[in-house]
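Step one of this worksheet: look at the structure below.
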There are 2 protein chains.
Amino acid sequence: MTTLPSKADTRAGTRADSRTDTRTGTRAGTKGVPRADRERQVLAAATEEFGRHGFEATTVAAVAARVGVTKPLLHQYFGSKQDLYLACLDPVGDRLLHAIRTAMAEPDTDAPPTPLRVLHALFAALDGQREAWFVLYDPSLPPGSDAAHRAAHYRDAIDDLAADGAAGLLRAAGSDDPLDADALRYAWRGLCTALVRWWINHPDQSPDAMARRCARLFSAARSVVPADGEPA
Amino acid sequence: MTTLPSKADTRAGTRADSRTDTRTGTRAGTKGVPRADRERQVLAAATEEFGRHGFEATTVAAVAARVGVTKPLLHQYFGSKQDLYLACLDPVGDRLLHAIRTAMAEPDTDAPPTPLRVLHALFAALDGQREAWFVLYDPSLPPGSDAAHRAAHYRDAIDDLAADGAAGLLRAAGSDDPLDADALRYAWRGLCTALVRWWINHPDQSPDAMARRCARLFSAARSVVPADGEPA
DNA sequence: AGGTAACTTACCCATTGGTAAATTACCCTA
DNA sequence: TAGGGTAATTTACCAATGGGTAAGTTACCT
């Protein structure tokens, strides 16, 4: 919706680009953009659309229009709408999972505490495609579908990482209620989502700047609860 | 979707209920359930549907089916789908706004700090209709529509309340960056949303129990940032 | 018996996911 | 240099869904 190149524009550039663009070793009787390139374009566009509007509200035609192509091409390349979604989901999920996992695996010794390191890794992984986060956390996926299951799988994997940290925090604070741990996971997830959403609305902010901002927010939030807080 | 009473069931109960149910001073040549009662039923069902699935994914027919009636009746009573949404939005928005406003107006002196008082008020206001929160925070509203504007209006009003507290916190922590304040509002909103979502998935939890749980979580989160945290 | 509120059946139309069948443009060889 | 082969892409269509409406039907009350 933002930078929709006119069809004529795309079309005109097509031939020249295919010569200069990605040399995918293509050598066959072909017209237009090589399939691999087109697939990359489509995936990027679809990821942004799905992330911005959610699965339900995203139309295949809209994704196609962003790339300067028509619906049937997407179906031929990726299959159904859900298949297209899945094609977006996997790379995003893997990227995020890997980023968070390595951030948590780092020695917990020095400067930034784990949650802040995780946030920083998150921002770094999402830079350039921030809406991707909402591909994972899309509430409008058809319940019971493959897509919903796979997305849930990735979310759970990420949550499991958070669970470790959460459990530690709670134990230190004197709570061993498993429900508390679960709620804390929800809260943390919601916090990340909110921060990413803010970030999307402030495109000029670098990942590093975001991480620093989060550090400031955390230290400010520290004063909310004076010393201890467990009534009843 | 959960407790969908069979049509015959509802139909059969209709006549008997209208005699015992709400005596709305009805005195006219009528069949079925008096309009005022039906409207209340519809509003309750619609609020839950909208909250659970979002505006876009909610179908008028589904709301009608929940109540045991057909589409045209809803349209006759409430107008378009958007009108129905607006009819749900207003009471919910007013209720939440009022609850939060009074919670923040209370003397800030004694036991629970403001954020926790606000959360408690929130849970109390949402009890019995927890999905209502997501009617206000529905991302799938048609952009630019009346509905989107009104919902944004309520959200902003609530955010403005939060902004006061946020600004105070940040000033105390040494930051006067207005972007920090904005991000903190997002974070707080996201936190509330996440907690409400958790609550919806744990129907047995009372509002009071939720408030206590939040207090525990807050005190646990306190240890995330050791003493101060503002690098570079 | 007729008036009226409550409610439904049957329909229209725009949107959207999806497909089949062309058509275009390129490379390669004879 | 004409034409065959093939990848890329489109036009034209189908079927299902869902918002919305018109007109009729039911059941109650007086």
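Couple of notes before you dig in:
- Shown here for the stretch B:118-224: chymotrypsin sites (Phe, Trp or Tyr not before Pro) in loop regions (DSSP other than H, G, I, E, B) with at most 12 other Cβ atoms within 10 Å, of which there are none.
- P(r) of the stretch B:26-122 over all Cα-Cα pairs, binned every 10 Å from zero, in whole percent: 14, 36, 22, 18, 9, 2
- For the stretch A:160-208, the orientation-averaged shadow of the C-alpha convex hull comes to 4.1 nm² (one quarter of the hull surface).
- Counting only other chain Cβ atoms within 10 Å of each residue's Cβ, the peptide B:187-200 averages 6.
- Hydrodynamic analysis of the stretch B:107-232 uses the Kirkwood radius over alpha carbon pairs. Inserted into Stokes-Einstein at 20 °C and 1.002 mPa s, it gives a translational diffusion coefficient of 132 µm²/s.
- Backbone phi angles across the stretch B:64-76, fed through the Karplus curve with coefficients 6.51, -1.76 and 1.60 (θ = phi - 60°), yield HN-Hα couplings of 4, 4, 4, 7, x, 10, 10, 2, x, 4, 4, 5, 5 Hz in residue order; Gly and Pro are listed as x.
- Restricting the calculation to Cα atoms, the stretch A:44-177 shows an Rg/Rh of 1.07 when the hydrodynamic-style radius is the Kirkwood one.
- Summed side-chain charge close to B:ALA183 - residues other than B:ALA183 whose Cβ falls under 13 Å, Lys, Arg +1, Asp, Glu -1: +2
- Cβ neighbours within 10 Å from other chains - mean over A:115-124: 1
- Other protein chain C-beta atoms within 10 Å of residue C-beta, averaged over B:171-184: 4.
- Across the stretch A:132-149, computed HN-Hα scalar couplings (Karplus, 6.51 cos²θ - 1.76 cosθ + 1.60, θ = phi - 60°) run 4, 3, 7, 5, 6, 9, 8, x, 9, 6, x, x, x, 6, 3, 4, 4, 5 Hz from first to last residue, x flagging Gly and Pro.
Read the figures in this text as sums done on the coordinates, not as results from a lab. No experiment lies behind these values; they were computed from the predicted model shown. All Cβ positions, glycine included, derive from the backbone under ideal geometry; neighbour counts span all protein chains shown.
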